[in-house]
Amino acid sequence: VAEAYYRKNDNKIFNVSIYESAEYKFNKYLRLQANVNGNFMLSRRNYFNSANLSTSTPKIADGGDDTEFNRNLAGEAYFSYNRDFGSHNISALAGSTLEDWYDEDLSFAGSNYVTEDVTTINSVQALDLLKTTTSGTSHSMVGFFGRLSYSYKGKYLFNSNIRRDGSSRFINNR
């Protein structure tokens, strides 16, 4: 029972996802399609261990605050063409994609709280520098792609694909 009463571990996670797409037809053969999406996540954890649970001498309270933020954005756009000429069919596709990620983490830990009535990190008297960290990363990718298809009477087929991708994780951002 003491564990449940004297230990605090509050977790909150907020997620938001957004998606939108659009299509524009130039004529009955050619159209443009595009879509974008974004995912956002914020996670907060506030933990506190009362001095009553401490095994150290003297008994001191400890706790911390962890925050994590993640963002992922993506977009894609492509043209498509499809046309029949008697027994012949030609279709083509050309487009690009873009993705961008960002992650940030903040962790604060401390002990010897001024009062156990205020269990947030701003009440600690000693910040634990080994458990107090910040970090952030970001990277992105871009890609281009295309496809050409030919069909004669639906029996004889030819397909050709091409794709080129680049990432910020490669040396010199290439």
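Hey, does the range 92-103 have a residue that's open to solvent by 60 Å² or more (accessible area, probe 1.4 Å) and without any contact (Cβ under 8 Å) to a residue 24 or more places away in the chain? No: zero hits. Among strands (runs of 3 or more DSSP E) entirely within the range 71-174, having at least 3 residues that are acidic (D, E) and under 18 Å from the mean Cα position of the chain (by Cα) singles out 88-113. For G63, state whether it is open to solvent by less than 40 Å² (accessible area, probe 1.4 Å), modelled with pLDDT of 95 or more and not charged (D, E, K, R). The answer is no for G63. The number of residues in the range 36-55 that are farther than 13 Å from K8 by Cα, touching a strand residue (DSSP E or B) at 6+ places or on another chain (Cβ under 9 Å) and either small (G, A, S) or not in a strand (DSSP E or B) (or both) comes to 3.
The values are calculated or read from the model by the stated rules, or taken from the named source; none is laboratory data. Values in this document were obtained by computation on a predicted structure and should not be read as measured data. Note: ideal-geometry Cβ built from the backbone for every residue, glycine included; neighbour counts use all protein chains shown. Surface areas here come from the heavy atoms of the whole protein model, side chains and all, with no ligands, DNA or RNA. Shrake-Rupley method; radii C 1.70, N 1.55, O 1.52, S 1.80 Å.
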